[in-house]
There are 2 protein chains.
Amino acid sequence: MGNHVTFKPYEITVEVADGENLLRAALMAGVHINASCGGEGVCGKCKVLLESGELTSTRSGLLSDEEFDLGYRQACQSFVHGDVVIRIPPESLLDRRTLTRRRGGVGLRPSPIDLETLKSTGLYNPAFQKKFVALPPPSLSDNACDLGRLEQGLARQHGLDSLAADFFMLRHLAQVMRQDNFRVTATLDFAQRRSRKPRVVQVEPGDTSQRHYAIAIDVGTTTVWVQILDLAAGKIIGTGADYNSQMSYGDDVITRMVFSQKEQGLQKLQRSVAATINQVMHRVLKKHQLPVTEISHITVAANTTMTHLFYGIDPKYIRLAPYTPAVCHPPPVRARDLGLEVPDHVFIYAVSSVSSYVGGDIVAGVLASGIYKDPKLTLFIDIGTNGEIVIGNQQWLACAACSAGPAFEGGGIKFGMRAASGAIEEVSLNPETYEPMIITIDMVKPKGICGSGLINILAAMMEADVISPNGKFRDDLNTPRIRLGDEGREFVLAMAPDTQSGQDITLSEGDIDNLMRAKGAMFAGYVTLLENVGLKLEDLEQVILAGAFGNFINIDNAIAIGLLPDLPRESYHYVGNASLQGASLLAFSRDLLEEERRVADMMTNFELSETPGFMDQYIAALFLPHTKMEYFPSVSERLKAAKD
Amino acid sequence: MGNHVTFKPYEITVEVADGENLLRAALMAGVHINASCGGEGVCGKCKVLLESGELTSTRSGLLSDEEFDLGYRQACQSFVHGDVVIRIPPESLLDRRTLTRRRGGVGLRPSPIDLETLKSTGLYNPAFQKKFVALPPPSLSDNACDLGRLEQGLARQHGLDSLAADFFMLRHLAQVMRQDNFRVTATLDFAQRRSRKPRVVQVEPGDTSQRHYAIAIDVGTTTVWVQILDLAAGKIIGTGADYNSQMSYGDDVITRMVFSQKEQGLQKLQRSVAATINQVMHRVLKKHQLPVTEISHITVAANTTMTHLFYGIDPKYIRLAPYTPAVCHPPPVRARDLGLEVPDHVFIYAVSSVSSYVGGDIVAGVLASGIYKDPKLTLFIDIGTNGEIVIGNQQWLACAACSAGPAFEGGGIKFGMRAASGAIEEVSLNPETYEPMIITIDMVKPKGICGSGLINILAAMMEADVISPNGKFRDDLNTPRIRLGDEGREFVLAMAPDTQSGQDITLSEGDIDNLMRAKGAMFAGYVTLLENVGLKLEDLEQVILAGAFGNFINIDNAIAIGLLPDLPRESYHYVGNASLQGASLLAFSRDLLEEERRVADMMTNFELSETPGFMDQYIAALFLPHTKMEYFPSVSERLKAAKD
């Protein structure tokens, strides 16, 4: 930080990181600048005047020499490297001062439980440990079997009694023991409950105790994340990801479950996700020059359907009422038996699920977020097609899945798209001209709208008073941007010349309807959960946003449209890919690995469709932000301020 | 029984089973009848006179009508079905009355611990049990996962708490649960130590609790035995056996271990024995119309090398001083991982070994014989190439392997052969004419001599005073049966016309040397073990003979040659294939399954070559029966009686 950008005539100053894009800096400051091409620099609308200081700017043909010499710059092509003063030119100026200042950074704090916390609280204690022993070589007066000799050494030198042994490591034990004259390192599995015996799963010649790795995997419906963990040093080595190749059999869990019922369908899906994991895993291992033989175990978090498919367990009844998974607490399984290309001794430990639609990814998130041992009443929320909600504290946890639909992932939205290059991410609207300021991912010409962009557009439309609380465009606006399209009335966000496809990018009332249903389902979900345990929205003490989507969400805007509750912004936390984080923590902590089942069992599942009050809450939530404005006091103020 | 056969002129009567062969009856009575062709009926030498009663006899051209009408019969072609009086004709008569009466039946008593004993002592308690549960079908208000529902049912209906689940059964759990409306039978694994949770390994629709089977296997170096056990009814269903197909890679454990060190050798040996097991198992299952899916688990007993090879564990250092196996307590292993064609959930439990040459077959035998909880001081002995000896009682057990060599299995003996059709099994010699009475297996023309036959021949030669205590033929006998052959002096047991090959069958002084070394090693072994624990031969209270060979051994003759100690015959027990029996008992009894490791650990192993006194004992034992005749008082008497 340290670079001050002052926007005139508003006299608003923001502090930004070195190299920050000037258009983004304006957005952070809540300053509207017309911008149509997403930041690619081809519309020329985001011209600003540099009054003092220096900017690094790319100069395009859209600025004349005269303009450049006078200090005009394209905001989207300019980067801040020191204090600057910028004047917004008349065409971008708003009469009614500025837009509400965006506070995108609010609450984006890391997980309350992370690797450092584990270490400082004594929970850093991987379930797999390596122990070096120097053993006396056998003689005729002491010719116990090799395994017995190893066990004796571990007992004497490390106080480890009464061990079990994994079968596969025995196959080469004799050779390994003799490779460095009976100096060996044993990998021990303490993952089973404490009453059980630790298991010797691997033996290597010499002292390899400093080379000890594990893998954590988040098997998402869309994306598979693989993280390599250094158990000896207690750190994350690297992370890789790729699309789950099951995608070719269906976009979401429902279509995959349907496919699993076809001839060989389950096997195909199982092999497909195993192939993705193998590919990502070997790529990351290779990048960090780690041999796969040094992996001791794998932890996996995934939603209930993905867990079933990865395990090759028939998921048929997850989809059919009354929605019963085959298994919620999957037993450890030899990774090889699931087709993973790892040594024989490697077992997979999957995080427990709670129900068909509250899976191991959410339980992992609850573990990573630490809410199961937090005294504060917390709302944990993962926004997605099956938006999952957990409410509770150290004493109780309630959870539910909302059939929010895929709107926030771009599904059912005409120009909806993934959060990829060209997706409209940030939007503000000039409340008088309705001219938009659009910033896309990678600042290229717009191609569509991603989930966080949809929330931001909806909030911008509310603020610019373009839509009514019922989600319909106001009738009394005289602007060509609102028009009757093929699918009803729509708002033109980007005109054809400024888009990648060369066609207008619009948002229709139908699209808005879908978004309202999605946010309404989420809101109704957590209010219903709260009511069913005798609590109210205002009792919530903190909100934790999980999931990749949570990463990019603008909390103020998500509150504005009624998706998130109107709580003080400092009560919001963001934990990113909490599922992967939970899986990693499990690999780092035997205590967490032992606790995960207890935590899953602690989470009382509500089937919302069967829960009293849910439908009423849902219908009441199909407004922007809500039929009961008293739920959203800060939104009332914001909208009022925008109108003033 | 009930048929009395009286032999005149000796006036000896024996009671025999209905249908007993008359030549065998004579043998049992200790009555010599010349017989050269092994019982095939082609030499015509075993003619006897039927004085009263009836015999079922096959009449051959070797008896004239006159002879037959007079009552002459070929003993080997006659079968007893009522009381008879038989007169031995002059040519078979002995001057010095009869030979010592053979007491082949002495001590041939069943194992002190068997299935019935298990049941009567409360030890019948298979580690795998089937439990039927009728579960409430799921509803929206109770949509726990299928496994959870099953666990709840098992807890409520059978008091089984805190279960674990085998991974593979989960794959089809959802379908199985719904096939008979949530009425299912679970197979539970209680094989782990009591402190662990039982595991659900299999679930079947409906009530299948009465269909529950296990398999016990004895993997011998030569022969693989497979037994199908009915765990619901507590009985043995059937047994099958075949040669271990590893035989094609080497006859004994040493040659197999050598082969295992070749490229892919270990894998070939592993697959080979798995193939034999699959073949025998499926044959027996098919015979009894049992589907392999109803097998819950497999128990295996094998010597240390066979266990390593079956598990695919490198056995290299078993063979090399100081003779260390890789593992003595093999962990349970999924049968599929060893190539057995059984369902995924089937695990193999192998009996522990004590050392490189005292293996799981011996530990299984110790379990089956119950000596580990018997107050009597017991000698347990398995005669073979690596003759194993166990001495002890409920408080301590000492064991050793003797490198006896393969003589008792026919190895190193010119006409040695397996105990198969045509093997000379029973022999007596006319002490004046040296004319033999030979009975072969299946009573066909002789082909060679099996192990028990070698012992009987040696004893007969001692009794007929053909050999001196040093194992050499007496010089002063005027008989063409003793001659100088290619390999030194030899005794002609069967002349060319009476043999299958058309060549003489002989036993040479070299052969006798090998036999004396083999029996000497065994004797020296147990005397040394006794001495090393401060005990003497006469302290022994019982002797248990294990192994297929023990089945056929004539105890009097084995004592006569100095192989077995000269104890009262009633202290001898015979337990047959104690290894298979032990494996079966383990499948029937969780207590034994839990105890086997403790029993193996209780057995202190002695490396005889390193044990003080062994070499002296060995050299002293290279006599017939022994240099110290005071060890064998009954043999002295027998030889004296024979001479009188």
Considering segment B:27-57 alone, what residues qualify as being closer than 13 Å to B:SER78 by Cβ and aliphatic (A, V, I, L, M)? B:ILE33, B:ALA35, B:VAL48, B:LEU49, B:LEU50, B:LEU55
Would segment A:145-163 turn up any residue that is touching a Phe, Trp or Tyr at 6+ places or on another chain (Cβ under 7 Å) and of a type outside the set (S, T, N, Q)? no
What single numbered condition from (1) within 23 Å of A:HIS345 (Cβ to Cβ); (2) not in a loop (DSSP other than H, G, I, E, B) fails to hold for B:ALA364? (1)
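I'd like the full set of residues that are among the aromatic types (Phe, Trp, Tyr) and surrounded by fewer than 21 Cβ atoms within 10 Å (Cβ to Cβ), limited to segment A:1-40. Explain how you work it out, then say what you get.
Kept after step one, since they are among the aromatic types (Phe, Trp, Tyr), are these residues of segment A:1-40: A:7, A:10.
Passing the criteria: only A:TYR10.
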Flagged in segment A:567-604 as buried (at least 22 other Cβ atoms within 10 Å of the Cβ) and farther than 26 Å from A:PRO126 by Cβ, in numbering order, are A:TYR572, A:TYR574
Within segment B:586-607, can one find any residue that is out of contact with any Cys (no Cβ under 6 Å at 6 or more places or on another chain) and within 24 Å of B:THR627 (Cβ to Cβ)? yes
Looking for something under 35 Å from the mean Cα position of the chain (by Cα) and within 21 Å of B:VAL346 (Cβ to Cβ) - is there at least one such residue anywhere in segment B:149-163? no
When segment A:312-337 is checked residue by residue, the ones that are out of contact with any strand residue (DSSP E or B) (no Cβ under 8 Å at 6 or more places or on another chain), more than 8 Å from chain B (Cβ to nearest Cβ) and outside any loop (DSSP other than H, G, I, E, B) are A:ILE318, A:ARG319, A:ARG336
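Would segment B:306-323 turn up any residue that is touching a Cys at 6+ places or on another chain (Cβ under 8 Å) and modelled with pLDDT of 95 or more? Spell out the reasoning first.
If we filter segment B:306-323 for residues that are touching a Cys at 6+ places or on another chain (Cβ under 8 Å), which is where we start, we get none.
Scanning segment B:306-323 turns up no residue that is touching a Cys at 6+ places or on another chain (Cβ under 8 Å) and modelled with pLDDT of 95 or more.
Based on this model, can you work out whether B:THR611 counts as within 30 Å of B:ALA191 (Cα to Cα) and either out of contact with any Ser or Thr (no Cβ under 6 Å at 6 or more places or on another chain) or surrounded by fewer than 24 Cβ atoms within 10 Å (Cβ to Cβ) (or both)? Let's see the steps before the verdict.
Details: within 30 Å of B:ALA191 (Cα to Cα): no; either out of contact with any Ser or Thr (no Cβ under 6 Å at 6 or more places or on another chain) or surrounded by fewer than 24 Cβ atoms within 10 Å (Cβ to Cβ) (or both): yes.
Here the answer is no, as B:THR611 does not meet what is asked.
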For B:ASN278, all conditions in the list (1) in contact (Cβ under 8 Å) with a residue 60 or more places away in the chain; (2) within 14 Å of another protein chain (Cβ to nearest Cβ) hold save one; what is the number of the exception? (2)
Considering segment A:46-65, residues that are of a type outside the set (A, V, I, L, M, F, W, C) and in contact (Cβ under 8 Å) with a residue 24 or more places away in the chain, and then whichever is surrounded by the most Cβ atoms within 10 Å (Cβ to Cβ), we arrive at A:LYS47
Can you tell me how many residues within segment A:293-306 are assigned to a helix (DSSP H, G or I), more than 13 Å from chain B (Cβ to nearest Cβ) and surrounded by 24 or more Cβ atoms within 10 Å (Cβ to Cβ)? 1
Checking B:ASP189 against (1) buried (at least 22 other Cβ atoms within 10 Å of the Cβ); (2) more than 19 Å from B:ALA583 (Cβ to Cβ), only one condition comes out false. Which one? (2)
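Which of the following residues is of a type in the set (S, T, N, Q), in a helix (DSSP H, G or I), under 23 Å from the mean Cα position of the chain (by Cα) and modelled with pLDDT under 90: A:ASN551, A:ASN557?
Details: A:ASN557 fails: modelled with pLDDT under 90.
Of the residues listed, the single one that is of a type in the set (S, T, N, Q), in a helix (DSSP H, G or I), under 23 Å from the mean Cα position of the chain (by Cα) and modelled with pLDDT under 90 is A:ASN551.
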Under the condition of being surrounded by fewer than 19 Cβ atoms within 10 Å (Cβ to Cβ) and within 11 Å of another protein chain (Cβ to nearest Cβ), which residue from segment A:172-186 is farthest from A:ALA335 (Cα to Cα)? A:ARG178
Result of the Cβ filter at 8 Å on segment B:136-160, keeping first residues that are without any contact (Cβ under 8 Å) to a residue 40 or more places away in the chain and more than 7 Å from every other protein chain (Cβ to nearest Cβ) and partners that are part of a loop (DSSP other than H, G, I, E, B) and loosely packed, with under 13 Cβ neighbours inside 10 Å, at least 6 apart or interchain, is B:ASP142/B:PRO136; B:ARG149/B:PRO136; B:ALA155/B:ASP161
Could you say which residue among A:ARG256, A:ARG283 is surrounded by fewer than 16 Cβ atoms within 10 Å (Cβ to Cβ) and either acidic (Asp, Glu) or more than 14 Å from chain B (Cβ to nearest Cβ) (or both)? A:ARG283
How many residues does segment B:513-543 contain that are out of contact with any helix residue (DSSP H, G or I) (no Cβ under 7 Å at 6 or more places or on another chain) and among the aliphatic types (A, V, I, L, M)? 6
Quick check on A:ILE295: is it touching a residue at least 12 places away in the same chain (Cβ under 8 Å), out of contact with any helix residue (DSSP H, G or I) (no Cβ under 7 Å at 6 or more places or on another chain) and farther than 20 Å from A:ILE389 by Cβ? yes
I'd like to know if segment B:471-491 contains one or more residues that are in a helix (DSSP H, G or I) and surrounded by fewer than 24 Cβ atoms within 10 Å (Cβ to Cβ). no
Could you list all residues from segment A:338-371 that are in contact with a Cys (Cβ under 6 Å, 6 or more places away or on another chain) and either away from chain B (no Cβ under 11 Å) or surrounded by fewer than 22 Cβ atoms within 10 Å (Cβ to Cβ) (or both)? A:VAL358
Looking at (1) surrounded by fewer than 24 Cβ atoms within 10 Å (Cβ to Cβ); (2) outside the structural domain of B:GLU595 (by TED's automatic domain parsing); (3) touching a residue at least 40 places away in the same chain (Cβ under 8 Å), find the lone condition where B:LEU320 falls short. (3)
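Looking only at segment B:529-538, decide whether some residue is of a type outside the set (Lys, Arg), buried (at least 21 other Cβ atoms within 10 Å of the Cβ), at pLDDT 95 or above and part of a helix (DSSP H, G or I). Show your work before the answer.
Applying the first criterion (of a type outside the set (Lys, Arg)) to segment B:529-538 yields B:529-535, B:537-538.
Now drop any that are not buried (at least 21 other Cβ atoms within 10 Å of the Cβ), which leaves B:529-530.
Still in the running and at pLDDT 95 or above: B:529-530.
Adding the requirement that they be part of a helix (DSSP H, G or I) leaves B:529-530.
Looking for residues that are of a type outside the set (Lys, Arg), buried (at least 21 other Cβ atoms within 10 Å of the Cβ), at pLDDT 95 or above and part of a helix (DSSP H, G or I), one finds at least one in segment B:529-538, hence yes.
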Of the residues A:LEU340, A:LEU309, A:LEU290, A:LEU269, which is within 25 Å of the chain's Cα centre (by Cα) and outside any helix (DSSP H, G or I)? A:LEU340
Hey, among the residues in segment A:438-455 that are more than 18 Å from A:PRO480 (Cβ to Cβ) and among the aliphatic types (A, V, I, L, M), which one's surrounded by the fewest Cβ atoms within 10 Å (Cβ to Cβ)? A:VAL444
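The values are calculated or read from the model by the stated rules, or taken from the named source; none is laboratory data. Remember, it's a predicted structure, so these values are computed and weren't measured experimentally. Don't worry about glycine lacking a Cβ; one is built from the backbone with ideal geometry, like all the others, and counts go over all protein chains shown.
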